[in-house]
2 protein chains.
Amino acid sequence: MASVLARYRWRLVERTEHHLGYPYNLDFEYGALAQLQHFSINNIGDPFIESNYGVHSRQFEVGVLDWFARLWELEKNEYWGYITNCGTEGNLHGILVGREVFPDGILYASKDSHYSAFKAARMYRMESIKVKTLVSGEMDCSDFEQKLLQNKDKPAIVNVNIGTTVKGAVDDLDLVIKILEESGFKNRFYIHCDGALFGLMLPFVKRAPKVTFKKPIGSVSVSGHKFVGCPMPCGVQITRREHIGAFSRDVEYLASRDATIMGSRNGHAPLFLWCTLNKKGYKGFQKEVQRCLQNAHYLRNRLREVGVGAMLNELSSTVVFERPRDEEFVRKWQLACQGNIAHVVVMPSVTIEKLDSFLHELVQTRSNWLQGGRNPAPCIAEEIGGENCACALHKK
Amino acid sequence: MASVLARYRWRLVERTEHHLGYPYNLDFEYGALAQLQHFSINNIGDPFIESNYGVHSRQFEVGVLDWFARLWELEKNEYWGYITNCGTEGNLHGILVGREVFPDGILYASKDSHYSAFKAARMYRMESIKVKTLVSGEMDCSDFEQKLLQNKDKPAIVNVNIGTTVKGAVDDLDLVIKILEESGFKNRFYIHCDGALFGLMLPFVKRAPKVTFKKPIGSVSVSGHKFVGCPMPCGVQITRREHIGAFSRDVEYLASRDATIMGSRNGHAPLFLWCTLNKKGYKGFQKEVQRCLQNAHYLRNRLREVGVGAMLNELSSTVVFERPRDEEFVRKWQLACQGNIAHVVVMPSVTIEKLDSFLHELVQTRSNWLQGGRNPAPCIAEEIGGENCACALHKK
């Protein structure tokens, strides 16, 4: 067993070293928490109602939740939330709360939304409408308006992406709200903000639009294993306390309440998040976000310099570019691909050195598949816009 | 931060020491895995389809799943499954698969089922019917039959408890199947077995009825943090491969498939389970199950000797008894309570010494609230049956 684990560990070292494609910060150090791995820590039930099971970490969970509620400007006595198992659980919860508030509501989500949004609609037997997107990946708000107007008889439950999965595009929350209100949906809509990655980055970006409960939104979720970094997936879900009353059930057996998707809940995750929030704090995150955005610009610029079509949305650290035609290379660097494009998500664990090494290899291997320039660079204008494309037709 | 964590650690030691009420095995040792806490291990997507994200533990996950598929007698090429985040996720998945197989099916679950069964029905907008239970906590099959016959036009999705939460009662799977087939539901039913705790104990109990896919069941789930023991909640879900086709969606971004409830999935959990399966193996579990059942009998007998009404279902290690009237005592020993009863679940971490210490304190504190015998022992015949009750009326 020891030798199996040793081999496996080396494999993880190598795979961690060469990872670029998914929005996970692989750079973390939780040595201080190793002493707690011996305990079965379970925050079963509600974070705010202590259950009879004593081996929990609710005090840390509530600390983390308070931090996020402050970040998104919801008062302590007005919010409810919990630490989830992943981004999907946040979306499943947010959309379910929306459905409980508006049982006959229709779910609107752009086609670039995370797959969990439409999974939720299917699970919950909700009507759902797919909204078009712009080239950037942002929700096409004129299409949204048109679809709303076709369904004025039913309330709207809207999934707003604070960073789409593939292109890192941020939907225009203010415009979404304006359209809802002007289309006759005032007090008849629920907005869930899927901030899986950028929910925690956006607050630290200058000139970025604000995600805040001072606007009429219902819930925000963010992942913990993404920008923060964590050994296992987790996330934070914050909603308005008023929405939870109708939703929750007392469970006498637990001496607590059930308002989460899962029952038993990982008590280690809040400890990881608490540690990082304490160590880095607001200022630390700000610095890391800035460095990520700088490095993303560096990557986008370097790709363009070497003749590779590439796009980087403002506010984003996700660099979208021409999909490498070498599957081994894609696997090696663990790039996430869709159609003709791939992306690198520049996280705190992605350094300039790593990007240089990646670029160096990309140039070499690309020269092979383009046969030293005899084959033309592919056109990806449809995916990233003509101004970002490097094909013969579009490059300037 | 260090001093906060040190204090917290002491609190966990004390709480772990005095835990009796929940079915968690708190006795585990995963030192060999501490070296892996530094990695962000995520089995995102399907266990059987490697995604582009390389820092995963699919090989261990599939190893664990194979072990459970063998235990429940489903061929390697005929099963599908995954490691879940908890027992609730197993139930949510099993019932959802049932609903996808029979979209207009009605969910039948006994009133002693885990709260997640009815939560699933509500989430999924399924019709659900609560079936009565016997005093033991087992499903009342005559009530089940009657309710089936009233709804012959719709298929049946049945949640069968392999150990109820409060009384540890095992529903009679064979009788449930017989009733379904004889009531005109042949090929029109789906059975999900909720084996949260006993799903892993039952196979090692002599004379126990068998949970096996050789019978017409659709899925079985079991928790990993219960009998096995694990730092955080997790579970195993096994279903028939044929059911998953219609259910799953390809997700190009992951280069994998989405057929789980969650998206990102804890890659450490399979490692914990794999370690224990390797260290203990079939024989090791068998020994532990026998010891738990022996210790449960010891506790039940000793409770009766000191005049406390107590019940222990055959096949079970859950001892149900008169609810202590001292909330501080309940909190100290972390007893799970419901109405007039409490229970102790005898897990491998519950030794005779711990039970003796608990009994000693119980006798002392009980003497206080019964005022040295001047107050009568409460009657709990309704909850545990007259033959198990120790009140003046029922005791022999």
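Within segment A:117-139, the set of residues being touching a residue at least 40 places away in the same chain (Cβ under 8 Å) and either touching a His at 6+ places or on another chain (Cβ under 8 Å) or of a type in the set (Gly, Ala, Ser) (or both) comprises A:117, A:136, A:137. When the residues of segment A:221-233 are filtered to those that are hydrophobic (A, V, I, L, M, F, W, C) and within 23 Å of residue A:287 (Cα to Cα), which remaining residue is nearest to the other protein chains (Cβ to nearest Cβ)? Among them, the one singled out is A:230. Going through (1) more than 13 Å from residue A:68 (Cα to Cα); (2) away from chain B (no Cβ under 14 Å); (3) at pLDDT below 95; (4) within 14 Å of the chain's Cα centre (by Cα) one by one, residue A:192 falls short only on (3).
Can you work out which of the residues in segment A:377-396 that are open to solvent by 60 Å² or more (accessible area, probe 1.4 Å) and in a helix (DSSP H, G or I) is farthest from residue B:52 (Cα to Cα)? Per the stated criteria, the residue is A:387.
Results for (1) modelled with pLDDT of 95 or more; (2) under 18 Å from the mean Cα position of the chain (by Cα); (3) among the aliphatic types (A, V, I, L, M), shown as yes or no for each residue.
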{"residue": "B:234", "(1), (2), (3)": "yes, yes, no"}
{"residue": "B:239", "(1), (2), (3)": "yes, yes, no"}
{"residue": "B:245", "(1), (2), (3)": "no, no, no"}
{"residue": "B:255", "(1), (2), (3)": "no, no, yes"}
{"residue": "B:275", "(1), (2), (3)": "yes, no, no"}
{"residue": "B:292", "(1), (2), (3)": "yes, yes, no"}
{"residue": "B:296", "(1), (2), (3)": "yes, yes, yes"}
{"residue": "B:302", "(1), (2), (3)": "yes, no, no"}
{"residue": "B:312", "(1), (2), (3)": "yes, yes, yes"}
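Of everything listed in (1) open to solvent by less than 10 Å² (accessible area, probe 1.4 Å); (2) out of contact with any strand residue (DSSP E or B) (no Cβ under 9 Å at 6 or more places or on another chain), the single unmet condition for residue B:269 is (2). When segment A:318-376 is filtered for residues that are part of a strand (DSSP E or B), open to solvent by less than 50 Å² (accessible area, probe 1.4 Å) and within 14 Å of another protein chain (Cβ to nearest Cβ), the ones remaining, listed by number, are A:318, A:320, A:336, A:337, A:341, A:342, A:343, A:344, A:345. Of all residues in segment A:305-317, those satisfying the criterion of being more than 17 Å from residue A:369 (Cα to Cα) and either open to solvent by less than 30 Å² (accessible area, probe 1.4 Å) or in the same structural domain as residue A:134 (by the TED database) (or both) are A:310, A:311, A:312, A:313, A:316, A:317. For segment B:182-193, a residue qualifies if it is open to solvent by less than 10 Å² (accessible area, probe 1.4 Å) and outside any loop (DSSP other than H, G, I, E, B), and the qualifying residues are B:190, B:191, B:192, B:193. Checking each residue in segment A:256-266 for being open to solvent by 10 Å² or more (accessible area, probe 1.4 Å) and more than 7 Å from every other protein chain (Cβ to nearest Cβ) picks out only A:257. Filtering B:298, B:253 for residues that are among the aromatic types (Phe, Trp, Tyr) and more than 14 Å from chain A (Cβ to nearest Cβ) leaves a single hit, B:298.
Would it be correct to say that residue B:52 is at pLDDT 95 or above and at the interface with chain A (Cβ under 7 Å from one of its Cβ atoms)? It is false that residue B:52 is at pLDDT 95 or above and at the interface with chain A (Cβ under 7 Å from one of its Cβ atoms).
Yes/no per residue for (1) closer than 19 Å to residue A:216 by Cβ; (2) not hydroxyl-bearing (Ser, Thr, Tyr):
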| position | (1), (2) |
| --- | --- |
| A:81 | yes, yes |
| A:88 | no, no |
| A:94 | yes, yes |
| A:98 | yes, yes |
| A:107 | yes, yes |
| A:111 | no, yes |
| A:141 | yes, yes |
| A:164 | no, no |
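The residue that is farthest from the chain's Cα centre (by Cα), among those in segment A:141-181 that are within 19 Å of residue A:208 (Cα to Cα) and open to solvent by 30 Å² or more (accessible area, probe 1.4 Å), is A:178.
Selection of segment A:234-247 for residues being within 12 Å of chain B (Cβ to nearest Cβ) and open to solvent by 20 Å² or more (accessible area, probe 1.4 Å) yields only A:246.
When the residues of segment A:1-40 are filtered to those that are in contact with a strand residue (DSSP E or B) (Cβ under 8 Å, 6 or more places away or on another chain) and more than 7 Å from every other protein chain (Cβ to nearest Cβ), the one that is nearest to residue A:231 (Cα to Cα) is A:23.
The values are calculated or read from the model by the stated rules, or taken from the named source; none is laboratory data. Treat the numbers as computed from the prediction; the structure is a model and nothing was measured. Heads up, the Cβs are rebuilt from the backbone with ideal geometry, glycines too, and the neighbour counts pull from every protein chain shown. These area figures cover heavy atoms from the full protein model, side chains too; ligands, DNA and RNA do not enter into them. Shrake-Rupley method; radii C 1.70, N 1.55, O 1.52, S 1.80 Å.
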